[in-house]
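Right, one structure below, let's go through it.
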Amino acid sequence: MCIRDSAMMVRRVVTLLFLLGSVNAALQCTLTPNAIIGSGSLNQTHASSPEDCCQKCYDFDGCIGYTFATDSQVCFLKDNVYGHQAAENRTSGTLSLIHISEPTRLLSISYAVFCL
């Protein structure tokens, strides 16, 4: 499945680039307040904020999106982002582009883009 493969590929590329040194890669997540995205969940875990939930999604194999419950601080990790539902006390998001820069490299590398 393209989505699962892309999520794993993003992790591998970022890990490899950090090992090579002089790389600045930043995880970026979208944030949509008062919304639930996707159906079901891969996993549930505690998180302190939507940004923390985003990081937990990034760290969990197969995760491409998340919903954070602001009232209970539960993070729902998602393997799909199909569907959108309005819901109070929920913030949802998806993993986004990863910006990669190497200040000492002569050839420029702007973005690693995967089919998400």
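Quick notes
- Number of residues in the range 34-52 that are touching a residue at least 40 places away in the same chain (Cβ under 8 Å) and under 10 Å from the mean Cα position of the chain (by Cα) equals 0.
- Answer residue from the range 66-90, given it is small (Gly, Ala, Ser) and over 20 Å from Lys56 (Cα atoms) and is modelled with the lowest pLDDT among those: Gly83
- Residues being assigned to a strand (DSSP E or B), surrounded by 15 or more Cβ atoms within 10 Å (Cβ to Cβ) and either modelled with pLDDT under 90 or not β-branched (Val, Ile, Thr) (or both) - total across the range 42-59: 1
- Every test in (1) surrounded by 16 or more Cβ atoms within 10 Å (Cβ to Cβ); (2) out of contact with any strand residue (DSSP E or B) (no Cβ under 6 Å at 6 or more places or on another chain) is passed by Ser39 save one, and that test is (1).
- Members of the range 60-73 that are open to solvent by 40 Å² or more (accessible area, probe 1.4 Å) and either among the aromatic types (Phe, Trp, Tyr) or in contact with a Phe, Trp or Tyr (Cβ under 9 Å, 6 or more places away or on another chain) (or both): Phe60
The values are calculated or read from the model by the stated rules, or taken from the named source; none is laboratory data. Computed from a predicted model, the values in this text were never measured in an experiment. Because the Cβ atoms are built from the backbone with ideal geometry, glycine has one as well, and the counts that use them run over all protein chains shown. Please note that ligands, DNA and RNA were not included when accessible areas were found on the heavy atoms of the full protein model with its side chains. Shrake-Rupley method; radii C 1.70, N 1.55, O 1.52, S 1.80 Å.
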